[in-house]
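Asks: Let me give you the structure first, and then I'll get to my questions.
The values are calculated or read from the model by the stated rules, or taken from the named source; none is laboratory data. Small disclaimer: the values here were computed from a predicted structure and weren't measured. Cβ placement follows ideal geometry from the backbone for every residue including glycine, while neighbour counts extend to all protein chains displayed. These area figures cover heavy atoms from the full protein model, side chains too; ligands, DNA and RNA do not enter into them. Shrake-Rupley method; radii C 1.70, N 1.55, O 1.52, S 1.80 Å.
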Amino acid sequence: MKQTKNILRVAFILASIGSLYFVPWILVKAWILPLPDTVQEQLEEGIGYGFDGMIAYVDQGGKPPEYYAAGWHDRKNKIPAYPQALFKIASITKLYVAVAVAKLVKAERLSLDKTLAEYFPELVGRIEYADRITLRMMVQHRSGIPNFVDHPDFWTKPPKNKQETLEYALDLPADFEPGEDYGYSNTNYMLISDLIDQVVGYPHQQYIKEEILIPLGLKNTFGSLSEVNIDDVMSGYYVGVEEDFKTENTGLMLATAEDVGIFIRALNEGSVFNEGEQDIYSSIYEYEHTGLLVGYQSIAKYHKDIDTVVIQFNNTTNFDGYNWNLAEIFYGRIVKIVRRANGA
């Protein structure tokens, strides 16, 4: 009996030692290192973990905003990162689209309870449960519509246009019955953007500009790559690939960290809304977001306890590695630095 216990004890120790091989030490190191004194030092520390460039924007209520950058804006041409660069904000775009939906619902130009079948009759039979999926479910990612990026051919045979993109989500079984679960799906917001185009009679990007960007004075936020000087866009990289992904037109928004920060504060404080719109928005979507594209990672949040908006951009991705986890760790450390400076 004693011999058996000793064997089991040795086996447990060996198994424990063996399991250490699978611990992502790079994350442990990033997490436990002593907190730097400044946000700038934290960004420079982040560059040491394989990021080509990083940008941060910190807006503490009652204080002038702070701007930070480290690494490369363009590593090939050796252009240093700078805080005013344009960045592909990826899925942070969804916040602007959701605000647009709230405004159109308040104006009674859209109804959250109308179905996909009513808005897009041509998709009946191509999207399962089209007659049960409501606009509300689509905004909330509770529609069950498959995410086009999950299609096995999406990355090996990238779609050339919006119709080809949509095809990757059509004629597939639903992920779940409408309203029965949550499943983040970019397809929802592509269809919602098309719906806004249809309802207002012109591109949703123009509607967002007129109803959100101009009233907030956001002159450095754009609907697509075609509207900007490409040299102003921060380069985007994928680990192990030399290509600069900044020239790929994703159809999603671009903005400076400052413009995103101003929008996030206006969203959380309610100044982006007219009367009655915020109640609608609060019932359908969230007040913070992250974004991820090939070459681009972004985090945009308002921290109510310290009345502070923190935006972070990272221009290096690796979907098979720990880049996203590292970005979240660095973001959390930046927030801790700000809290510490405030005695919070």
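Asks: Could you calculate the FRET efficiency of Asp307 with Asn274 from 1/(1 + (r/R0)^6), where r is the beta carbon distance between them and R0 is 25 Å, rounded to 0.05?
Replies: Numbers: r = 24 Å, r/R0 = 0.94.
Computed FRET efficiency for Asp307 and Asn274 comes out at 0.60.
Asks: Span-like helices, the chain: DSSP H, alpha-carbon axial extent 15 Å or more, mean Kyte-Doolittle -0.5 or greater, which ones?
Replies: Values: long enough: 2-19 (25 Å, 0.54); 93-106 (20 Å, 1.15); 186-200 (21 Å, 0.44); 257-269 (18 Å, 0.35); 323-341 (27 Å, 0.08).
Span-like helices, by this rule, are 2-19, 93-106, 186-200, 257-269, 323-341.
Asks: Moving on. Which of the lysines could be linked to Lys63 by a straight reach, that is with a Cα gap under 24 Å, when you skip same-chain ones fewer than 8 residues away?
Replies: Lys219, Lys301, Lys304, Lys336
Asks: Whole-Å semi-axes of the chain's equivalent ellipsoid, largest first, each the root of 5 times a Cα gyration tensor eigenvalue?
Replies: Details: eigenvalues 254, 160, 90 Å².
Taking √(5λ) for each Cα gyration eigenvalue gives 36, 28, 21 Å.
Asks: May I ask for the equivalent-ellipsoid semi-axes of region 252-307, computed as the square root of five times each C-alpha gyration tensor eigenvalue and listed largest first in whole Å? Could you put the intermediate results ahead of the total?
Replies: Details: eigenvalues 96, 36, 25 Å².
They are 22, 13, 11 Å, listed largest first.
Asks: To one decimal place, what orientation-averaged projected area in nm² is obtained for the convex hull of the Cα set of region 170-302? Numbers along the way, then the final one.
Replies: Values: hull surface 42.6 nm².
Averaging across all directions leaves 10.6 nm² for the Cα convex hull.
Asks: Further question on the same structure: Which net charge results when you count Lys and Arg as +1 and Asp and Glu as -1 among the other residues whose beta-carbon is under 13 Å from that of Lys157? Write out the running numbers ahead of the final one.
Replies: Numbers: positive: Lys160; negative: Asp153, Glu164, Glu167.
After counting each charged neighbour, the total is -2.
Asks: In terms of solvent-accessible area of protein heavy atoms at a 1.4 angstrom probe, what is the ranking of Met137, Met54, highest value first?
Replies: On the way: Met137 40, Met54 0 Å².
So, going from the largest accessible area down, we get Met137, Met54.
Asks: For region 163-212, what is the Kirkwood hydrodynamic radius in Å, using each pair of distinct C-alpha atoms? Kindly include the intermediate steps, with their values, before the conclusion.
Replies: Numbers: mean 1/r = 0.0786 Å⁻¹.
Computed over Cα pairs of region 163-212, the Kirkwood hydrodynamic radius comes out at 12.7 Å.
Asks: Can you give me the Cα centroid spacing of region 218-260 and region 73-143 in angstrom?
Replies: So the two Cα centres are separated by 19 Å.
Asks: Less than 12 Å apart at the alpha-carbon level, and either on another chain or at least 8 residues along: which aspartates and glutamates does that give for Lys88?
Replies: Within reach: Asp232, Glu248.
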